[in-house]
Amino acid sequence: MRGSGNFLLKQDTSDKRCDKHKKKISYYCEDHKSLGCSKCITVGHRKCDNVSTTEDYCEKLNNSSRLEERRKFLQQGADAMESMIKDFYLQQQNIADDKDAILKNIDDLQERMDKRIREMKKEITDDVITAYKQERENLKVSTQKCERLKVAIKNTLESSSTALQRNGHMDTIQLYQKGQTELEACNDLVKEMQMSISSVSIEHEIDSDVTSLNFGKVVVRKQRRDFPGVPTLVKPSSKCEVKEIRKVNIECPSDQLYCFARGVVYFPDGRIVVGDGNNNKIKLINDAGDVVDELKMDGNPWDLCMVNNTTVAAAMESPGGIRVVTVTPSKLTLSSVINKNKQCYGITYRDDEFIVSTGSEVCSVRNDGTTKTLYRYTGRVLALSHDPKDGQLFVSHHTVTTGSTAIGRLSTDNKYTDVLKVGVVQYACGVDVDVEGNVYVCGFISNNVVQMSGDGTNVRELLTAADGITTPRAISVCGDKLVVTNQSGQSIQVFQLV
């Protein structure tokens, strides 16, 4: 008997006919993913290697368990959408609670103030309501995306079951292909939501001195986090291969010297911001790979980090300090200068403050310039990054001495741990951490990029000299893509994990 498993296929009773030849559709070409009648196959697919009857192809799908496997992943996709929908509803409730708490604080302050204070109350209340409505609308949009995809997946699951029960081979094949498309859309949406700022809170910052006649300000805080209960629908980054998708020339007509790319930031929309140490510039590259703007700096930008989706910051070696730069789709604008006399190398942004390396120290720096030493090292630390999940810092040690530390980890309470020794990586430079907690390290002398878990295990060479990696200085990871700068070249390389 033909067929096995959960989907027992019987004699095809479908009478659907070809629009062109008016004959019964009973064949399927795997090479072209095309259904057709006997004449379609004879005329258009006689040279194809994989042509079979619809019944045989459905039986092949059934026997290979691909139908069952597709149903399983579609169900996981539907479950993922349901988990995110619940989470978005919870977020709406949370920000509604935040709103109510702020309004209560405002009412409490009102009792201690005069007519002018009541006028200020109206202003701040309007700000709260505006922020609440904006963030609520953002969450609703995300919820609607998940709702629409959830409904589509559910419909595909139900239609697939009906087609199998009716032995509709053509429908089964079409729904199988539709399910694949929806599963890919589900994977993309999960990654989009996990990469975007997904945790929102509204806070009211006030001055404890009420005599200042200041109602404070409304602050919307956002940070990345995992979605609870959402299954992994895609291959983890630690199991992915890597392929180059683009080389980007960063040279500009106004450059006086050979480009020296150091720090780099890869934005979710495909834009890249890169520092050019020789020409003392920061350059903006659009998603097509064209340099669309350049910002002349007052010194040498060493490393870059993302502050948010419209802002980057540069660590300056000489003169020192931090330069905060606003990034629009086609324009770079210097917005602030912090601690100009403090020499900086590596930089990252964590919990509303900058973390920088100053050579042998790692320090936190607030927007007002307040600086605190977190840890002192015996050697040079030139680059750092942090895990967005738990805030742990990863610092690179610029050394080739065998047995020395290449990468160290600094916890949020400033406890230091050696993670990777010099070996596969020599002269560790750029370092970054993806949303899964994988750490990426540039080996300046070893001419490679290494991917490893946060505890230093599962180390593998992701990119080598064979991939065009030559004296890499910096790396930025964004979703399944990463960009690497090489010291000896006018271009940077963009790769994708597949």
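The values are calculated or read from the model by the stated rules, or taken from the named source; none is laboratory data. Keep in mind that what you see is a predicted model, and the values were worked out from it rather than measured. So basically every Cβ, Gly included, is an ideal-geometry build from the backbone, and we count neighbours across all protein chains shown. Quick note on the areas: whole protein, heavy atoms, side chains included, nothing else; ligands and nucleic acids left out. Shrake-Rupley method; radii C 1.70, N 1.55, O 1.52, S 1.80 Å.
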What is the packing order of peptides 172-181, 76-85, taking the mean over residues of other C-beta atoms within 10 Å and listing the highest first? 76-85, 172-181
ASP126 accessible area, 1.4 Å probe, all protein chains in place, Å² to nearest 10: 70 Å²
Just read off the accessible area of GLU192 with the full protein assembly in place, 1.4 Å probe, to the nearest 10 Å². 90 Å²
So if R0 is 56 Å, what FRET efficiency would LYS331 and LYS23 give, r being the distance between their Cβ atoms, rounded to the nearest 0.05? 0.40
Pick out the long, greasy-scoring helices in the chain: whole DSSP H runs spanning 27 Å or more along their own axis by Cα, mean Kyte-Doolittle at least -1.0. 66-110, 115-165, 169-195
Would you please state which residues of the range 483-498 a label at TYR258 would reach in this model, taking the label point 7 Å out along Cα→Cβ and a backbone N cut-off of under 20 Å? 484-493
So how many Å³ per residue does the convex hull of the Cα atoms of the chain work out to? 206 Å³
Potential lengthening between LYS389 and ASP97 on full extension [0.36 nm per residue; Cα-Cα distance subtracted]: 102.7 nm
How many Å³ per residue does the convex hull of the Cα positions in the range 24-179 occupy? 132 Å³
Along principal axes, Cα extents of the range 78-158, largest first, whole Å: 64, 15, 11
I'd like to compare 42-50, 401-409, 413-421, 352-360: which one has the highest average count of other Cβ atoms within 10 Å, and what's the full order after that? 352-360, 401-409, 413-421, 42-50
Accessible surface of THR370 in the full protein assembly, 1.4 angstrom probe, to the nearest 10 Å²? 70 Å²
What's the FRET efficiency of GLU123 with ASP298 using the Cβ-Cβ distance as r and R₀ = 25 Å, to the nearest 0.05? 0.05
Under unit Cβ charges (Lys, Arg +1; Asp, Glu -1), what dipole magnitude, rounded to 20 debye, does the chain have relative to its Cα centre? 1440 debye
Point-to-point label distance, SER453-ASP418, nm (Cα→Cβ direction, 7 Å offset): 2.0 nm
Starting from the Cα-Cα distance between ARG66 and GLU184, subtract it from 0.36 nm times their residue separation and give me the gain in nm to one decimal. 40.9 nm
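Using only the alpha carbon atoms of the range 402-498, find the Kirkwood hydrodynamic radius as the inverse mean reciprocal pair distance, in angstroms to one decimal. Walk me through the numbers on the way to the answer.
Numbers: mean 1/r = 0.0740 Å⁻¹.
This gives a value of 13.5 Å.
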Holding the Cα-Cα limit at 24 Å, pick out from LYS145/LYS178; LYS191/LYS243; LYS217/LYS283; LYS150/LYS481 the pairs that are longer than that. LYS217/LYS283; LYS150/LYS481
Using a ≥ b ≥ c from the Cα gyration tensor of the range 258-354 (square roots of the eigenvalues), is it rounded, prolate or oblate, where a/c under 1.5 gives rounded and otherwise the larger of a/b and b/c decides, a/b for prolate? oblate
What is the Cα centroid distance between the range 82-105 and the range 141-181, reported in whole angstrom? 32 Å
Taking 0.36 nm per residue of separation and subtracting the Cα-Cα distance, what length does fully extending GLU205 through ILE445 add? 81.6 nm
Do any of LYS247/LYS421; LYS133/LYS389; LYS86/LYS154 go past 24 Å between their Cα atoms, and which? LYS247/LYS421; LYS133/LYS389
Roughly how many nanometres apart are two label points built 7 Å out from the Cα toward the Cβ at THR310 and VAL43? 5.8 nm
Most to least packed among 269-275, 441-447, 97-103, 296-302 [average Cβ atoms within 10 Å]: 441-447, 269-275, 296-302, 97-103
